[in-house]
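J.: One structure coming up, written as structure tokens, with questions to follow.
The values are calculated or read from the model by the stated rules, or taken from the named source; none is laboratory data. Nothing here was measured: the structure is a model prediction, and the numbers come from that model. When we count neighbours, we look across all protein chains shown, and the Cβ atoms used for this are built from the backbone with ideal geometry, even at glycine. Note: accessible area is taken over every heavy atom of the protein model, side chains too, but ligands, DNA and RNA are not part of it. Shrake-Rupley method; radii C 1.70, N 1.55, O 1.52, S 1.80 Å.
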Amino acid sequence: MTILVTGATGNVGRRVVELLLAAGAPVRATSRNPKTAELAADVDVRAGDLDDPGSFGDALSGVQKLFLFPSPSGVAGFLDLAGASGVRHVVLLSSGAVSGPGESVNPIGLMHLSVEQAVRHSGLAWTVLRPGSFASNTLQWAPAIRESGEVRIPYAESTVSPIHERDIAAVAVQALLSGGHEGATYDLTGPESMTQRRQAELIAAAIGRPVTVVDLAGDAARAQLEEQYGAFAVPGLVDSLLAMYAASVGTAAPVTDTVARITGRAPATFADWASEHRPAFTAA
């Protein structure tokens with residue numbers, strides 16, 4: 001049973017590949033550029049671009065299950081090709097934004113919802129993963145922390161329940177390797193709610209030096225997000241993020257027990273994640 005991992009060089013996809021290898025499962029991975037994928041030598045890496053379903057003809061040969069990175073462009077054609085090639089089960093990496101506040105106008109939620117709908121209507125068995133805030137989102141602070149020890153955060157008192165990318169991957173691997181997950185939608189979070197300011201404090205503790213937080217609101221927060229997302233911002237993204245951040249101030253972020261329930265172990269804390277990723281915040 002060959003398992004195909006799309007988005008295999010991403011934060012989650014790379015971990016899915018590693019965990020499948022550790023479980024002894026036959027893994028195939030796709031990348032737009034296999035030569036730069038930097039995956040383990042025993043991984044069968046082939047070319048594939050989700051925006052171009054036809055590029056997967058070779059990669060899908062002999063595949064029965066797949067981990068699907070969310071890419072709305074071309075997803076319907078890709079799923080048709082996957083089904084015709086013998087794929088029977090899709091585990092989709094979606095987003096908690098689909099079921100979060102303002103999901104009807106949140107462009108991130110709407111994008112992921114369109115992919116979910118395509119998967120559900122594909123005729124294939126499916127499992128949907130909806131992780132909330134990734135712990136790895138804080139890597140965007142790394143250059144500023146390395147250079148000045150100061151990080152500018154829109155609504156620093158807004159709350160998240162950050163999840164380690166390895167825990168998302170662990171749930172995906174359970175869904176791929178064991179039965180009983182077909183037709184399930186899993187909301188995934190880390191084990192605790194915390195403010196963005198607290199995340200910065202835990203990074204400071206991990207690297208052993210202070211991190212100064214500059215709390216931004218209003219126009220300053222908007223300017224920061226527009227600079228952060230730049231040309232990648234889809235229409236309405238900054239407005240949606242600002243509303244989400246402001247609404248969560250003073251309110252605990254949702255916390256689920258899904259990771260522990262599916263994997264049989266407690267999810268990693270953000271402090272764990274910060275300690276593991278210490279070099280990103282200290283090395284140039």
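Okay, residues lined up against (1) under 21 Å from Val115 (Cα atoms); (2) small (Gly, Ala, Ser):
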| position | (1), (2) |
| --- | --- |
| Val5 | yes, no |
| Gly10 | yes, yes |
| Gly24 | no, yes |
| Phe69 | yes, no |
| Gly74 | yes, yes |
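J.: With the stretch 188-252 as the region, which helices (runs of 4 or more DSSP H) entirely inside it contain at least 1 residues that are over 27 Å from Glu276 (Cβ atoms), among the small types (Gly, Ala, Ser) and in contact (Cβ under 8 Å) with a residue 60 or more places away in the chain?
T.: 218-229, 237-248
J.: Now, a different point. Might you let me know whether the stretch 192-207 holds any residue that is closer than 30 Å to Trp126 by Cβ and open to solvent by 30 Å² or more (accessible area, probe 1.4 Å)?
T.: Taking every residue of the stretch 192-207 in turn, at least one turns out to be closer than 30 Å to Trp126 by Cβ and open to solvent by 30 Å² or more (accessible area, probe 1.4 Å).
J.: Let me ask something additional. Can you tell me how many residues in the stretch 253-264 are without any contact (Cβ under 8 Å) to a residue 24 or more places away in the chain and closer than 24 Å to Leu139 by Cβ?
T.: Adding up the residues that qualify gives 0.
J.: It is to be established whether one or more residues within the stretch 194-208 are among the charged types (D, E, K, R) and over 20 Å from Phe281 (Cα atoms).
T.: No, every residue in the stretch 194-208 fails to be among the charged types (D, E, K, R) and over 20 Å from Phe281 (Cα atoms).
J.: Next question, about the same structure. If the requirement is being touching a Leu at 6+ places or on another chain (Cβ under 7 Å), open to solvent by less than 50 Å² (accessible area, probe 1.4 Å), without any contact (Cβ under 8 Å) to a residue 60 or more places away in the chain and part of a helix (DSSP H, G or I), which of these qualifies: Val128, Val115?
T.: The match here is Val115.
J.: Among the residues of the stretch 253-284, write down those that are acidic (Asp, Glu) and not in a helix (DSSP H, G or I).
T.: Once the filter is applied, which keeps residues that are acidic (Asp, Glu) and not in a helix (DSSP H, G or I), the stretch 253-284 yields only Asp257.
J.: Quick check on this structure: which one of Thr2, Thr6 is within 20 Å of the chain's Cα centre (by Cα), in contact (Cβ under 8 Å) with a residue 60 or more places away in the chain and under 24 Å from Gly74 (Cα atoms)? Working first, answer last.
T.: Numbers: Thr2 fails: within 20 Å of the chain's Cα centre (by Cα).
Selected residue: Thr6, the only one of Thr2, Thr6 that is within 20 Å of the chain's Cα centre (by Cα), in contact (Cβ under 8 Å) with a residue 60 or more places away in the chain and under 24 Å from Gly74 (Cα atoms).
J.: Another question about this same structure. Quick one: Pro279 ticks every box in (1) crowded, with 17+ Cβ neighbours inside 10 Å; (2) under 24 Å from Arg146 (Cα atoms) bar one, so which box is it?
T.: Result: Pro279 fails condition (1) only.
J.: To continue, here is another question. So, in the stretch 41-56, exactly how many residues are at pLDDT below 90 and either open to solvent by less than 40 Å² (accessible area, probe 1.4 Å) or aliphatic (A, V, I, L, M) (or both)?
T.: 1
J.: A further question follows. Test of understanding: among Val238, Val173, Val234, Val214, which residue is open to solvent by less than 60 Å² (accessible area, probe 1.4 Å) and closer than 27 Å to Val16 by Cβ?
T.: Val173
J.: On to the next question. Scan Glu165, Glu150 and give me the residue that is in contact (Cβ under 8 Å) with a residue 40 or more places away in the chain, closer than 30 Å to Gly83 by Cβ and not hydrophobic (A, V, I, L, M, F, W, C). Write out each step before concluding.
T.: Working: Glu150 fails: closer than 30 Å to Gly83 by Cβ.
The conditions single out Glu165.
J.: Determine the pairs where a residue that is of a type outside the set (D, E, K, R) and open to solvent by 10 Å² or more (accessible area, probe 1.4 Å), located within the stretch 9-27, has a partner that is at pLDDT 95 or above and in a helix (DSSP H, G or I) with Cβ atoms under 6 Å apart, the partner being 6 or more residues away or on another chain.
T.: Asn11/Ser136; Asn11/Glu165; Leu19/Ala169; Leu19/Val173; Val27/Val17; Val27/Leu20; Val27/Leu21
J.: Restrict the check to the stretch 216-236 and report whether at least one residue is modelled with pLDDT under 95, more than 21 Å from the chain's Cα centre (by Cα) and polar (S, T, N, Q).
T.: Yes, the conditions are met somewhere in the stretch 216-236.
J.: Which members of the stretch 36-83 meet the condition of being among the polar types (S, T, N, Q) and assigned to a loop (DSSP other than H, G, I, E, B)?
T.: Ser61, Ser71, Ser73
J.: Given the conditions (1) in a strand (DSSP E or B); (2) out of contact with any strand residue (DSSP E or B) (no Cβ under 9 Å at 6 or more places or on another chain), report the number of the one that Ala29 does not fulfil.
T.: (2)
J.: Identify, from the list Gly100, Gly83, the residue that is surrounded by fewer than 21 Cβ atoms within 10 Å (Cβ to Cβ) and either over 17 Å from the mean Cα position of the chain (by Cα) or modelled with pLDDT of 95 or more (or both).
T.: Working: Gly100 fails: either over 17 Å from the mean Cα position of the chain (by Cα) or modelled with pLDDT of 95 or more (or both).
Answer to the check: Gly83.
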